[in-house]
Structure formats: structure tokens, C-alpha cells
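A.B. asks: Okay, handing you the structure first.
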Amino acid sequence: MKTNQKYKRLFKIFFTFVIATMLIAFYGWTWIKCYNNILEYPFYRRGNWMMIFLYGVSLILIMNVYGGFKVGYLKKGNLIYSQVLAVIFTNVFTYFQIAAIDKHFLTPIYLMRMTVLDILVIVIWTVIYQWIYVKLFPPRKMLLISGRRSDYHLIEKINSREDKYEICNIINIDKGIELLKKEVLKYDGIIVGDISSHERNIILKYCFANSIRTYSVPKISDILLKSSVELNLFDSPLLLSRNEGLAIEQQFIKRLIDIVGSLAGMIFALPFFLVIALSIKLTDRGPIFFCQERLTKDGKTFNIYKFRTMIQNAEKDGVARLAEEKDSRILPIGKILRRTRLDELPQLINIIKGDMSLVGPRPERPELAAQIENEIPEFYYRLKVKAGLTGYAQIYGKYNTTPYDKLKLDLTYIRNYSLLLDLKLILMTPKIMFMKEATEGVQVQTINMENEQLEK
């Protein structure tokens, strides 16, 4: 297998080149043969090439955002879904672009027909190519080095990608470094579990010296260091961590985008507001909105607004708990709202008020946050920025992601904040709205913190 690995990047580039070329070619034919012929002022030669070029740039940018070129990285279904969504968004954008050029709306039938052909080609090409990819690059044979705490959650997640990894052996760090050095040479790569920093450093250096691929679960300190600024004031490199949250100019721009984006969102979502409100009201005649105390920047509390998805008095016993899978308290309409995350639309009001931001950590309930902080004191680090309607942990995690992993995802966002990152997360939000795994409920009613303590 190691012999084939050097060709993997070329294989992925070829996939990207072929699918992009086919989709752009379909648009070129549709533009020249259909739309350009019905424009009031048709384009010629360079003008036609410019339109095709603009479409290609738009397609590639949106494909990159949604991961449409990540063959071998995403699961087959997710890869197809990403490509289809990117093509639909690109074609809708292109239709309005054409309408702006001709100063009136033209028939969308040609682009609709092209979109159907795009989807057909995407499905066929991706299924065939993914099959070939698996044959050429079978799952890596992996060794897991476990620590003194259970790595159950890590093993479970890795086993969910049997197309990429196969854990062939698990060895505890207590077996000794010398034994591990002999064992790691037998596998395609190693996974470093929750072990001490000293032992991890020895293993990582040994693997680097022997060109052995390593996968490590980052600690909180790793995330803080990784996003530090490199200083070269002296002949000894320094890493600077300012640890101050967002700079004043970043806060200003972020607030400006929040106001403009939330007002535009309110206008666009008005039809959804009316339909959802009517559906909830007709279900059990109860209130449409659900109001609950949540945490935001610097530990301040505010009342969050959401569409009600559960029965009235769902927590009449006074016990705070997350929604479970197949929770009997969830209304029929509530299942749809939760799965698509449309229940969170009223939070646009919170953003306008300044309680929240478009992008940021998920707002937690004070009582649940207190429970988590009993086991993970660093959990309050998330409060260096405002809570968000969407965010890094919401995009790359799940509803039932463990609190420790949510913390690491949120810290990754805070430490790497930029305007481009915010825009990317906003663009990626529609993708995860219809992904079932992104909204899975927790398995039990209590917050299970076992094995999630930070290593001191």
C-alpha cells in the first residue's frame, strides 16, 4: 500500500480536473447555444470565454467550500451531496448573473436541464471513481497507542470510517517506549491517544525520523500553541499567544456583518416564520416561541428565542437535560425543525439585539455549563466571544459531540478567527442543515463526562 500512496494526490487531482471540466463544459454549451442566442445584446468570442471563465471560478470556489473535491476524504454519500449542493448554488447564482446582464429574467429551463445533467454526471462519475479509489488505496492498517484513560470514543469514531482506517492493534503506553518503537514500523500509521506530553513527544519524534504517518488527538494547549504568532526577534524562535480574544477592529467588523446579515436574513426568512408559526400553533395550540436563559460572551446571560419543538412544560420536573434520540417530548413538526435547524431562525432577533453573533460557539444553558465545568474547568474559555447562530463546532461537530471536543472546536475558531473564516462557516451552514448526523440527539439524558477530563 505504501507504494501506491505517492500517487494518491495525483489521483485526487485527476478526479477534480475531470469533474470540473465536464461541469464547466456543460455550462459553456448551455451559455453559447441557449442563453447567448436569446440575449438582447449577444456576446462574442472573448465575451463568451469570459462568461465560461466566471462560471468555472464560481463553481470551483463553492466546490472547495463544500468539500466537493475531497474524494477519499468524505464518505461517498457526503461527497455526492457536497457536489450536488455546490452545483445547485452555482447554477442559481449564475442564473441571476445572466438576468442582471440582460436586465430581465430569462427562462430558467436551460439551466434547470443543465443542473439535472450535472447531477447525473456527478453521481455516475463519483460512484465509479470512489470504487476505483478504494481498490487502489485500501484502508490504512493502524496501530492505536492508548493511554491511562479509555479511548472508547476515539475508537468508535475511527471505526465509523472503515473505508479509510482499520485499527489492527491497540497497545497501551505502559508497555514501554522500546516495544512501541518496534511495533509502529509494522503499520501504515499510528494513532496517538490520550497519553502524557512527554511520552507523546518521544513517539512523534521517532515517527518523524522514520517517516511514519501519525494521527494525534490535540490537547487544549496544542490548540493554543498551534494558533500562536511566530516571533523572530532573536536567534531563538518564540511563539506569542496574546490570549485577548478578538481585536477591537475585528469586533467592529463582526458586529457590522451581524447587523446587516441578520436583517437580510429576517427579510428572507419571513415566509418560513409564517409557515412554521402556523404549524406549531395548529399542533397543540401552545406558544410559538420558546424562551430560555443562555450564556454568551464573558459569561453574560440572555434569553434566547427559538421555535418551540417540544411539548409544553417539557421540563416540568425542573431537571435540565439535552434532547435524546427518539425523545417523546419532541413534537412532530419539531422533528423537522430540529433536523433542518429551522427552529433556530428566531435567534436572528438575538443577533440584532446584540446578544449573539452570526458565527460563534453554541450558547449553552447556565446549569448545563456549570455541570460541564465541574469536570472541565476550561469549558468557560468558549466565552471569550459571543455565542453564535452557527459556528465551528456546529459545522464540524454534532449535537451529541462530547463537551471536551466542542471546547476544542470552539477554541480552534476563537484562535483562528478571521472574516474569511466567518464567511466560510456561513456558506457551509446550508450544507449541514440537511445532514442527519449533525443533529443527532444524545444517547442518555445526563451529560456523561467520563473520560473527558483534561490531562493536567
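A.B. asks: Filtering the stretch 183-197 down to residues that are assigned to a helix (DSSP H, G or I) and at pLDDT 90 or above, which residue is nearest to Gly77 (Cα to Cα)?
C.D. replies: Val184
A.B. asks: Would you point out the residue of the stretch 166-190, among those that are of a type in the set (Asp, Glu) and surrounded by fewer than 13 Cβ atoms within 10 Å (Cβ to Cβ), that is farthest from the chain's Cα centre (by Cα)?
C.D. replies: Step by step, filter the stretch 166-190, then rank; the result is Glu178.
A.B. asks: Sticking with this structure for a sec: Can you tell me which residue in the stretch 353-367 is nearest to Glu244 (Cα to Cα), limited to those that are surrounded by fewer than 17 Cβ atoms within 10 Å (Cβ to Cβ) and not charged (D, E, K, R)?
C.D. replies: Here the answer is Gly354.
A.B. asks: A further question on this structure: Filter the stretch 295-312 down to the residues that are under 24 Å from Leu337 (Cβ atoms) and not hydroxyl-bearing (Ser, Thr, Tyr) and list them by number.
C.D. replies: Across the stretch 295-312, the qualifying residues are Leu295, Phe302, Asn303, Ile304, Lys306, Phe307, Arg308, Met310, Ile311, Gln312.
A.B. asks: Could you check the stretch 40-65 and list, in sequence order, the residues that are assigned to a loop (DSSP other than H, G, I, E, B) and surrounded by fewer than 15 Cβ atoms within 10 Å (Cβ to Cβ)?
C.D. replies: If the condition is that a residue be assigned to a loop (DSSP other than H, G, I, E, B) and surrounded by fewer than 15 Cβ atoms within 10 Å (Cβ to Cβ), then Glu40, Tyr41, Pro42, Tyr44, Arg45 are the ones that fit.
A.B. asks: Oh, and also: So for the stretch 71-78 (the condition being closer than 27 Å to Tyr396 by Cβ and either basic (Lys, Arg) or at pLDDT 95 or above (or both)), does at least one residue qualify?
C.D. replies: Yes, some residue in the stretch 71-78 is closer than 27 Å to Tyr396 by Cβ and either basic (Lys, Arg) or at pLDDT 95 or above (or both).
A.B. asks: Within the stretch 135-165, how many residues turn out to be surrounded by fewer than 18 Cβ atoms within 10 Å (Cβ to Cβ) and part of a strand (DSSP E or B)?
C.D. replies: The qualifying residues number 1.
A.B. asks: Out of Ile280, Ile288, Ile267, I need the residue that is surrounded by 17 or more Cβ atoms within 10 Å (Cβ to Cβ) and assigned by TED's automatic domain parsing to the domain that holds Asn350. Which one?
C.D. replies: Ile280
A.B. asks: Hey, another quick one. From the list Asn64, Asn48, Asn78, which residue is polar (S, T, N, Q) and touching a residue at least 40 places away in the same chain (Cβ under 8 Å)?
C.D. replies: Asn78
A.B. asks: Now for a different question. From (1) surrounded by 14 or more Cβ atoms within 10 Å (Cβ to Cβ); (2) more than 25 Å from Ile432 (Cβ to Cβ); (3) free of Cβ contacts under 8 Å to residues at least 60 places away in the same chain, pick out the condition that doesn't hold for Ala100.
C.D. replies: Failing condition for Ala100: (1).
A.B. asks: Taking the stretch 103-136 as the search range and keeping residues that are aliphatic (A, V, I, L, M) and in contact (Cβ under 8 Å) with a residue 60 or more places away in the chain, which one is nearest to Phe69 (Cα to Cα)?
C.D. replies: Restricting to residues being aliphatic (A, V, I, L, M) and in contact (Cβ under 8 Å) with a residue 60 or more places away in the chain, the top hit is Ile122.
A.B. asks: Considering only residues that are within 21 Å of Ser150 (Cβ to Cβ) and aromatic (Phe, Trp, Tyr), which ones fall in the stretch 193-215?
C.D. replies: Tyr215, the sole residue that qualifies.
The values are calculated or read from the model by the stated rules, or taken from the named source; none is laboratory data. Since the model is a prediction, treat every value here as computed from it, not as a measurement. No Cβ is skipped: glycine too gets one built from the backbone with ideal geometry, and neighbour counts run over all protein chains shown.
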